[in-house]
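Report on one structure; see the data block that follows.
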Ligand SMILES: *Cc1c(COP(=O)(O)O)cnc(C)c1O
């Protein structure tokens, strides 16, 4: 009997090692891993360059505390700022911590402007911003909040795609709109570029902040470093996590000058956030991701994968309803039962993970090869063909 608290429907399978796009189970089988720790291992398993970076740092210094200046952290923040809209970065340890910090910074901005009552954040119903007590009430999905009242106040909601509902929900107390640029857990729902542009305009007009949660869709997953870059807009606050550490737990929040003006020493902190060991992983990921052609390749492979999946969909329209996503953040919205479909893929040595709306997520590492994508396609087609 497991002594692990029963909070997951865990598969019985376990793994002893991984390499690149593949995982090896304890009972000797080889699997193509298109989960990658849920969009975390952006460079696949046991990446040689990441191993070397972490090994090197692990012999020098692991942890000191943010009461001291951490050169590795300064370096990563500078590199992120150089490549993005961000003027400042603060490091956390997970996505939920990053989204919570984002909420804090939005509130604190208006507080520092003498508008402390402007403190509410407007989010999409059934989104996913993490599992902390505030993040679940920001996300507002039934299963995530059930049994966890009293409700954390300070969040209002609108439905995905409901432009009128969004405008109606904005009040004089709204400080920010916080949405995932591409909804991950919610079913790989892409906010179209014209809507993102509209969101930016709306926030400017109402003088409120735009928070784009790129914890899942950021760090190259969409084919650009950030998914919002497609819409050519600049948000005010962006929480990130998952991919940035390549498997090492790192979260961060990126902010512009305006938002940074609300913060001062003592207003936020983290014991572990941005320690030297974590930063060696983050810097190594950046080294690879900003190599010439890396992101273009993600985009190219993503387009190929999605177009081939659409061919399979057209061949088996009673199994696959819709192919969703951008870059290598891909969802198969099914007509058939997702749990059964995922099991059949697993029986054929392909690992995938569910999302809401009967979606099966395909999250290969960002350095996946075309032949590995083809292997995945072959398995998906076989499962579609034989699905009963
Ligand atoms: C995974 C995720 C989170 C939460 O990240 P954790 O590291 O699990 O706390 C927040 N927002 C989005 C969009 C996510 O996909």
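Can you tell me which residues in segment 26-48 are within 17 Å of residue 249 (Cα to Cα) and more than 16 Å from the ligand (Cβ to nearest atom)? Spell out the reasoning first.
First, the residues of segment 26-48 that are within 17 Å of residue 249 (Cα to Cα): 35-47.
Residues satisfying the conditions are 43, 44, 45, 46, 47.
If residue 219 satisfies all but one of (1) at negative phi; (2) assigned to a loop (DSSP other than H, G, I, E, B); (3) within 16 Å of the ligand (Cβ to nearest atom), what's the number of the condition it fails?
With (1) at negative phi; (2) assigned to a loop (DSSP other than H, G, I, E, B); (3) within 16 Å of the ligand (Cβ to nearest atom) applied to residue 219, the lone miss is (1).
Kindly provide the set of residues from segment 187-198 that are crowded, with 21+ Cβ neighbours inside 10 Å and either more than 16 Å from the ligand (Cβ to nearest atom) or assigned to a strand (DSSP E or B) (or both), ordered by number.
189
Consider residue 266 carefully, then state whether it is within 18 Å of the chain's Cα centre (by Cα), at pLDDT 95 or above and more than 12 Å from residue 92 (Cα to Cα).
Working: within 18 Å of the chain's Cα centre (by Cα): no; at pLDDT 95 or above: yes; more than 12 Å from residue 92 (Cα to Cα): yes.
The answer is no for residue 266.
Residue-wise test of (1) more than 30 Å from residue 63 (Cα to Cα); (2) not in a helix (DSSP H, G or I).
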{"site": "81", "(1), (2)": "no, no"}
{"site": "90", "(1), (2)": "no, yes"}
{"site": "96", "(1), (2)": "no, no"}
{"site": "108", "(1), (2)": "no, no"}
{"site": "126", "(1), (2)": "yes, yes"}
{"site": "134", "(1), (2)": "no, no"}
{"site": "143", "(1), (2)": "yes, no"}
{"site": "156", "(1), (2)": "yes, yes"}
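Matching residues to (1) buried (at least 16 other Cβ atoms within 10 Å of the Cβ); (2) more than 16 Å from the ligand (Cβ to nearest atom):
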residue: 84; (1), (2): yes, yes
residue: 92; (1), (2): yes, no
residue: 99; (1), (2): yes, no
residue: 115; (1), (2): no, yes
residue: 118; (1), (2): yes, yes
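So, in segment 134-150, how many residues would count as being surrounded by 15 or more Cβ atoms within 10 Å (Cβ to Cβ) and either away from the ligand (no atom under 15 Å from the Cβ) or without any contact (Cβ under 8 Å) to a residue 60 or more places away in the chain (or both)?
Result for segment 134-150: 9.
Considering each of 239, 235 in turn, give the residue that is away from the ligand (no atom under 13 Å from the Cβ) and either buried (at least 20 other Cβ atoms within 10 Å of the Cβ) or part of a helix (DSSP H, G or I) (or both).
Numbers: 239 fails: away from the ligand (no atom under 13 Å from the Cβ).
Answer to the check: 235.
Is one or more of the residues making up segment 209-216 surrounded by fewer than 22 Cβ atoms within 10 Å (Cβ to Cβ) and touching a helix residue (DSSP H, G or I) at 6+ places or on another chain (Cβ under 7 Å)? Spell out how you get there, then give the answer.
Residues of segment 209-216 that are surrounded by fewer than 22 Cβ atoms within 10 Å (Cβ to Cβ), as a first pass: none.
No, every residue in segment 209-216 fails to be surrounded by fewer than 22 Cβ atoms within 10 Å (Cβ to Cβ) and touching a helix residue (DSSP H, G or I) at 6+ places or on another chain (Cβ under 7 Å).
Of all residues in segment 158-181 being within 16 Å of the ligand (Cβ to nearest atom) and assigned to a strand (DSSP E or B), which is surrounded by the most Cβ atoms within 10 Å (Cβ to Cβ)? Write out each step before concluding.
Looking only at segment 158-181, we keep the residues that are within 16 Å of the ligand (Cβ to nearest atom), and these are 160, 176-181.
If we keep only those that are assigned to a strand (DSSP E or B) too, we end up with 176-180.
Values: 176: 26, 177: 27, 178: 26, 179: 23, 180: 29.
So the residue we want is 180.
Any chance segment 272-284 includes a residue that's surrounded by fewer than 16 Cβ atoms within 10 Å (Cβ to Cβ) and farther than 18 Å from residue 87 by Cβ? Steps first, please.
Going residue by residue through segment 272-284, those that are surrounded by fewer than 16 Cβ atoms within 10 Å (Cβ to Cβ) are none.
There is no residue in segment 272-284 that is surrounded by fewer than 16 Cβ atoms within 10 Å (Cβ to Cβ) and farther than 18 Å from residue 87 by Cβ.
For residue 50, indicate whether it is touching a strand residue (DSSP E or B) at 6+ places or on another chain (Cβ under 7 Å), within 23 Å of residue 367 (Cβ to Cβ) and part of a strand (DSSP E or B). Before you say what the answer is, go through the steps one by one.
Values: touching a strand residue (DSSP E or B) at 6+ places or on another chain (Cβ under 7 Å): yes; within 23 Å of residue 367 (Cβ to Cβ): yes; part of a strand (DSSP E or B): no.
No.
Using the structure shown, decide if residue 368 is in a loop (DSSP other than H, G, I, E, B), under 21 Å from the mean Cα position of the chain (by Cα) and crowded, with 20+ Cβ neighbours inside 10 Å. Even if it seems obvious, please write down each step before you answer.
Values: in a loop (DSSP other than H, G, I, E, B): yes; under 21 Å from the mean Cα position of the chain (by Cα): yes; crowded, with 20+ Cβ neighbours inside 10 Å: yes.
Yes.
The values are calculated or read from the model by the stated rules, or taken from the named source; none is laboratory data. The structure presented is a predicted model; accordingly, all values stated were derived computationally and were not measured. Positions of Cβ are backbone-derived with ideal geometry, glycine not excepted, and every protein chain shown enters the neighbour counts.
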